[in-house]
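Note sheet for the following structure.
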Amino acid sequence: MPKHYRPAGKKKEGNAAKYITRTKAVKYLQISLAVFRKLCILKGVFPREPKKKVEGNHKTYYHMKDIAFLAHDPLIEKFREIKVHRKKVKKAYAKKNRDLADRLLNRPPTYKLDRLIIERYPSFVDALRDLDDCLTMVHLFAALPAIEGERVQVQRIHNCRRLSHEWQAYISRTNSLRKTFISVKGIYYQAEVQGQKITWLTPHALQQVLTDDVDFNVMLTFLEFYETLLGFVNFKLYHSINVNYPPILDSRLEALSAELYALSRYMSSGRLPGNPESNGFIEDKETENDKESSKTDESELRLAQLQHQLPANEPGALMHLVEESTADDTEEESVKECRTLFKDLKFYLSREVPRESLLFIIPAFGGTVSWEGEGAPFDETDQDITHQIVDRPTQSHVFLSRQYVQPQWIFDCVNILRVIPTDDYIVGRVPPPHLSPFVDNDQEGHMPDYAVTLERYKSAGQNQVMPLPGDEDLGNSIVEAKSEHDEFAKKKRELEKQEKKYHDELKMEIEGTTFSNLSNKKADSAPDVADEDETQAAVEQAEKDADDIAKSVVSRKKRGLMEAMKISNDRKKSKVELLKQRKKAAESSASAKRR
C-alpha cells in the first residue's frame, strides 16, 4: 500500500482542503452565480492563487475559510428573501391579481450595509486608505445623465452627486487639497486628510453615453457599497469640524445646479451640532479678525473674541475654544500655504470654463470666486475682481483692472503653491505644457524645460508670496536667484579642485616625486591617449563578465527580477532619448520657420 494512500470518502488535506473552485462554492452556498458575485464584492472576498491547482489551471479558486465566512453571513438570507419576493410578485401578475402585486411591490425586503462597513474597516484610518476607488466610482456615476428608463436609477445618480459635493465641500473648507492635474481621462485630485493621501479621478463635464460593453450590474454592486462607505466617511469628517450632517442646502441654489457653492455657504455659516443658535458664529468671528488684525496679534485677538462670544450656558467651553485657538497657531506650514495661496484674490469664471472644478479648487486655496449665471455671489462688473478665467481666443469687453487668464494657470499655481506670472497664460496665447505633479522627474531621468522654470518660481518665492504679474522685479528676482545658485556651485567646484590638488601634492611629496619626473610622466602619457578606447572596452567587458557571474550565483527568481529591472531601466533611457530627439526636431523646425 502506498505511503500516502487515502481511502475514498476520507477527509482531504493540503491544497485540496484549503481551496475550492467557484462552481463548487456556488453549490455549497446554494445561491446563484450573480448573488455569489454580489456577496463577494460586498464582503471583500477575492479569488486566490494556490501553489498547486488541484482542479486545473483554467478554474477560479477561493479560500475555504472565505466561503465559510460567506455561509454564515445574514446577507444570504436577505438575498433569498428578495428572490422569494420576486417570485411572489411574478406569480401575482400571472394570476392577474394586481392588488396583491402592488402590495408586494410597496413592501419589498430591504437590507443595510452598515454592519459591513464596521466589519471591513475597524478604524477610520482604514476607511480613508481605501477611499481612492470609492471616490472615483462615485464621481463617475455623478456625471452620468439622470434619465428615466436607463440602466442606472435617477435616485442613485442624484445620491452620488450629493455625496461627491459633500466630500468636495469638506476638502475645500479644510484646505486639504494638495495636487491636481488635467488629463485625457479626466481631472486628478490629491488631498491629505488626517495624514492620509487620497487620490481620485473625476470625469470631464461632457455628455456621457452608457455603452453596452460594460457590465453595469457589477459596477452598481460596487457603487452600492461605496455609497454607504462615503456616507459614513462624510458623517465622521463633518462632525470633526463641528458641522451638522447631512447638510441643509439653499433650495434656490440647489435648483440652479450650484450645490457645491450652497454647501460651501452652509459650512462657512458654522452650524454646530446640537447648537442652532451658533449659526453665523464662525463667519462673524472671521470678519472681526480681518478688521482688527492690524491692531493686535492674531492669536490674542482670537482668544479675546472667543471669550467675549462664549455661550453662558455651556460649561467648559472656554477651555475647548482656547485649545482650538492654540491649535490653529501650530498648524503645519503646508496647510498655511494652501489657505493663503489665493488670499485677497477675487476670481470670475466665464461660462466656457469647467465651473465645478474651479469652484472646488479656488476656495480650497483661500480665493473668492463667482461665475456667470444666476445664483452667483457677484457679477462680472465688480471692480474688485483681480482675475477672470477665460477659455476663448478673444474677449469682447475688457476691464483694465483685472487680468484675463486661461484655466491652466490655476492648476499650475496650485501644483507649486505659488502665484506665478500670467504672461504665458493670457487669452489667445498657446499656454506652456501642463506638467503632472504626480511624476518624479529625477526618477524618470528627464527634466522638462518648463519644470525648471516652475522650480525657479518656487525657489524665488520660497519665503514670500510671488509678486503679481506685471511686477518688474519678478524677472530680476528670478535672475538673481539663478545667479546666486550658479555662483555657489562655481565656488563649490573650485574648492573641490583645490582640495584634490592639495591631496595629490601630499601624495607626491610622500612618494618623493619631483617636478621634473612629473613632467616626464605627463610627456610619456601623451602618446597613450590612443589606447584609451581599448582600455574603456576592456573595462566594459570586465563589468559585463562580473554581471554574468553575479547572475549565475543568484536563484532563478532573483535573476528574473534583475532582468525585469534592467528592461525597465532600458525603457526609461530609450524614452528619455526619444523625448530629446523630439525636442531637437521641434526646435529645428521652429528655427526653420523663423527663417
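The values are calculated or read from the model by the stated rules, or taken from the named source; none is laboratory data. This structure is a prediction, so every number in the text was calculated from the model and none was measured. No Cβ is skipped: glycine too gets one built from the backbone with ideal geometry, and neighbour counts run over all protein chains shown. For accessibility, only protein heavy atoms count, side chains too; no ligands or nucleic acids. Shrake-Rupley method; radii C 1.70, N 1.55, O 1.52, S 1.80 Å.
What the table below lists for this structure:
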| item | result |
| --- | --- |
| Single condition M466 does not satisfy, out of (1) of a type in the set (A, V, I, L, M, F, W, C); (2) assigned to a loop (DSSP other than H, G, I, E, B); (3) modelled with pLDDT under 85; (4) open to solvent by 70 Å² or more (accessible area, probe 1.4 Å) | (4) |
| Filtered residue count, segment 368-383, keeping only those that are over 16 Å from Y404 (Cβ atoms) and assigned to a loop (DSSP other than H, G, I, E, B) | 7 |
| Sole residue being within 42 Å of the chain's Cα centre (by Cα) and at pLDDT below 90, chosen from L116, L135, L144 | L144 |
| Scan of segment 194-210 for residues that are in contact with a Leu (Cβ under 6 Å, 6 or more places away or on another chain) and not in a loop (DSSP other than H, G, I, E, B), ordered by number | Q196, I198, W200 |
| Failed item in (1) within 24 Å of I362 (Cα to Cα); (2) at pLDDT 75 or above; (3) not aliphatic (A, V, I, L, M), with D442 passing the rest | (1) |
| Some residue of segment 322-335 being at pLDDT 50 or above, surrounded by 14 or more Cβ atoms within 10 Å (Cβ to Cβ) and not hydroxyl-bearing (S, T, Y) | yes |
| Among the candidates V84, V35, residue that is more than 17 Å from R22 (Cα to Cα) and either touching a strand residue (DSSP E or B) at 6+ places or on another chain (Cβ under 6 Å) or of a type in the set (A, V, I, L, M) (or both) | V84 |
| Check on D424, charged (D, E, K, R) and open to solvent by 20 Å² or more (accessible area, probe 1.4 Å) | yes |
| Residues of segment 184-228 that turn out to be exposed (fewer than 12 other Cβ atoms within 10 Å of the Cβ) and under 21 Å from E356 (Cα atoms), as a count | 5 |
| For V152: the one exception among (1) assigned to a loop (DSSP other than H, G, I, E, B); (2) loosely packed, with under 12 Cβ neighbours inside 10 Å | (2) |
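A quick yes/no check of all residues on (1) of a type in the set (S, T, Y); (2) at pLDDT 70 or above; (3) assigned to a helix (DSSP H, G or I):
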position: D212; (1), (2), (3): no, yes, no
position: N217; (1), (2), (3): no, yes, yes
position: V233; (1), (2), (3): no, yes, yes
position: H239; (1), (2), (3): no, yes, yes
position: N242; (1), (2), (3): no, yes, no
position: P247; (1), (2), (3): no, yes, no
position: L253; (1), (2), (3): no, no, yes
